[in-house]
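Since the structure comes first, as structure tokens, the remarks are kept for the end.
Derivation of every value follows stated rules applied to the coordinates shown; laboratory data play no part. Note that the structure is a prediction, hence the values are computed from the model and not measured. Don't worry about glycine lacking a Cβ; one is built from the backbone with ideal geometry, like all the others, and counts go over all protein chains shown.
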Amino acid sequence: MRILHTADWHIGQTVNGWTREVEHRAFLQTLSDLVAAQAVDALIVAGDVFDGINPSAEAMQLLYESLLAMRERRPTLTTIMVAGNHDPAGRLEAPAALLRTIGVHSVGIMHSQGGSIDLDRHLVPLRDESGNIRVFGLAIPYLRCADLPALQQTEDEPGSPIVRATRELYAKAYAAARTHAGLIPLVATGHLHCTGTQESEGAERRILVGGEHAVPHDIFPTDLAYVALGHLHRPQQVARRNVRYSGSPFPLSATELPYEHGVSLIELHDGAVQCEHVRLPRTVPCIRVPETGGVTSRALSETLTQLAFDPDCPVESRPFLHVVVEPDGPAAGLIAEVDQILAEYPVRCASIKIERPQSSEEAGPSPVMMNLTECDPMDLFERAFTETHGVTPEPEHKAAFDQLRVEV
């Protein structure tokens, strides 16, 4: 039994106003090729199919066309697609009846029946080429407040009630699924953050309800043959080799440039599980300039010229550049200056970060923690402005901030 585990597609994402449609189309074509070439029996999409809760008609069309194309190339393919924290859960489920005609089981929220998990919605039989059920998929989407069982914190039960509620939900779902599945292996999904993992700074929201950020990996029963996770964009296993994040298909932020983006190919045979990370090619280059450290605006043109970008490259396929600038003077107007330089090259600006070298005076002991209620908002604004731009705010900046405070 072969399962292809993927997640965090973020269809519809833009970077600094630039579309990523070329990359998404190329990824979904590569995914279709993998399904056919590897004779995949089941595809699991572990959340964040879309980038936002109001995807465009073009984004939805791309999704449905891709799911249909994969089914046509592999007529026995079953797909489990669950909602992530970015997804419009209801909209993902709305065409469920139609999607099932092409073997796609879409789950946006938790469903119950008679006080128990609705197995008709959450337990999906995964069949081999001969039509025999070899595995059951337990489809659990991103868990919202309404999905979790009500638990009260008591002195005898330390720790987070949210984590305990998440653990209880998985335990009950597993128990119901195991009763139905008998000895047939179970594969579960999840869209959350597990402890002991590496996250992408600035790319992934801290999503667990109740203020909690992560759950321990042992919330997943050890009898599960495999746990397909989404939310963290770096491909990685979580303590146990059969609990994995597949990662996103390509870099979604500057932090993710070093990642080996791809999908996870899972093979189950006689109770044994083999996991292989399949690295995917990058259709559009995503480049940090310079590779390390920062570059001055004076040296930026020379650096870009040495990279020898293709002048005939179509706009929608031009490289994304994340530029880190090291100011050699006042930083006011520096971003506009860098933008003007980049406009002379066949590239697309993804981000510009101003980074000042740390002085010996700055590299002292850590600052004392402050109570924000005791701070003047204008002082905080001036500090943040100076750290970001390298210069103190002008009177017009302060006036604009004051106006915002009045409006709020």
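Mean separation of Cα pairs under 8 Å and 6 or more residues apart, divided by the residue count, gives the chain a relative contact order of 13 percent.
Here's how it looks for residue 105: its modeled amide H is under 5 Å from those of 79, 80, 81, which are all 5 or more places away or on a different chain. Our coupling estimate for the stretch 269-278, obtained by passing each phi through the Karplus curve with A = 6.51, B = -1.76, C = 1.60 and θ = phi - 60°, is 8, 6, x, 8, 10, 10, 10, 10, 8, 9 Hz, Gly and Pro reported as x. Karplus-based coupling profile of the stretch 332-340, in residue order and whole Hz: 4, x, 5, 4, 4, 5, 5, 4, 5, with θ = phi - 60° in 6.51 cos²θ - 1.76 cosθ + 1.60 and x standing for Gly or Pro.
Between residue 240 and residue 128, the contour length at 0.36 nm per residue exceeds the Cα-Cα span by 37.7 nm. Between residue 184 and residue 312, the modelled labels are 5.5 nm apart [label points 7 Å from Cα along Cα→Cβ].
Each residue of the stretch 98-111 is assigned a 3J(HN,Hα), and the resulting list reads 6, 5, 5, 5, 10, x, 9, 10, 9, 10, x, 9, 7, 10 Hz, derived from the Karplus form 6.51 cos²θ - 1.76 cosθ + 1.60 (θ = phi - 60°), x at Gly and Pro. Extension gain for the segment residue 144 to residue 260, taken as residue separation times 0.36 nm less the Cα-Cα distance, is 38.7 nm to one decimal. Judged by the gyration tensor of its Cα atoms, with axes a ≥ b ≥ c, the stretch 2-279 is rounded; a/c sits under the 1.5 cut. Note on residue 21 and residue 54: the extension gain reaches 10.2 nm, defined as 0.36 nm multiplied by sequence separation minus the Cα-Cα distance.
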